[in-house]
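*Asks:* After the structure tokens below, expect a handful of questions from me.
Nothing in this text is a laboratory measurement; each read-out follows from the coordinates by a stated rule. Here the structure is a predicted model, which is why all the values come from computation and not from measurement. Don't worry about glycine lacking a Cβ; one is built from the backbone with ideal geometry, like all the others, and counts go over all protein chains shown.
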């Protein structure tokens, strides 16, 4: 399976974010009973060491390598090289071994995993920012592309509705849940909005507006991210899964962050529309 080379940065971002979040989750959950100032300080030290010694260099190296590809379409696993995959595999196996056989005390896991997970999560953010910069240079903002985005959100909305119905039916769940609003959120904030914008782009020159381009990118990161937090929250509600209070706060924080970035994106859209219609 081949993808455009700039999409390799997105894949690298997703992989690092998921891996970093999982490691950070283990560290935070293990921190219960070890929440002392010294331990937090040691986690910061671990974060600094891993970030500057490994992950900062890794993001620079692979971003430069991906941009230097002469062939546009690349195999989707080319977001890392062989050496990085070997290091990743070693870290996974080493981590599983430590936790399975209880080779290290919980205090060490809390300190070490929190610092390591935060550094890896930051690497995912940096890869995402590099993808944003690359996307801004290559993305098509024509009415046809905006309609394509609307179609994607329509498909996701239908899938969200089906998942809500079948998942609640499977668990015989009849109480209110966040999953129930995923379908209308995607239809209104995704499909309907981009159909309207496609019509506007057809009769104006807004697709060449610099602010409008920023809106499209920021919004299409924020809305799926918000839907993801809603999906996770809804699944936890229906399955009645108990989670650590710190994880619960992190999930709420991510949801809040997605709402803030969506608000910023919509404000940018309104400014770009005002500028377009005024001109």
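*Asks:* So what are the radius of gyration and Dmax for the Cα set of the range 135-246, in Å?
*Replies:* Final numbers for Rg and Dmax: 17.0, 52 Å.
*Asks:* Could you compute the FRET efficiency for residue 210 and residue 69, with r as their C-beta to C-beta distance and R0 at 35 Å, rounded to 0.05?
*Replies:* 0.80
*Asks:* Next up: How much FRET efficiency would the formula 1/(1 + (r/R0)^6) give for residue 81 and residue 4, where r is the Cβ-Cβ distance and R0 is 25 Å, rounded to 0.05?
*Replies:* Given R0 = 25 Å and the Cβ-Cβ separation, E is 0.85.
*Asks:* Let me ask something else. Considering the zone a paramagnetic label at residue 174 would reach in this model (a point 7 Å from Cα along the Cα-to-Cβ line), which residues of the range 219-241 have amide N under 16 Å from it?
*Replies:* none
*Asks:* Let me ask another. Based on a Kirkwood Rh over C-alpha pairs, give the Stokes-Einstein translational diffusion coefficient of the range 2-137 at 4 °C and viscosity 1.567 mPa s in µm²/s.
*Replies:* 82
*Asks:* Moving to a separate point now. Using Cα centres only, tell me the gap between the range 95-126 and the range 188-228 in whole Å.
*Replies:* Comparing the Cα centres of the range 95-126 and the range 188-228, I get a distance of 38 Å.
*Asks:* What's the extension gain from residue 108 to residue 125 if we count 0.36 nm per residue and subtract their Cα-Cα distance?
*Replies:* Stretched fully, the residue 108-residue 125 segment lengthens by 3.5 nm.
*Asks:* Report the extension gain between residue 91 and residue 18 in nm, rounded to one decimal, defined as 0.36 nm multiplied by the number of residues separating them, less their alpha carbon distance.
*Replies:* Going from the current span to full extension adds 24.8 nm.
*Asks:* Could you tell me which label, among (i) 24; (ii) 45; (iii) 40, carries the value of percent of Cα pairs over 31 Å apart calculated for this structure?
*Replies:* (iii)
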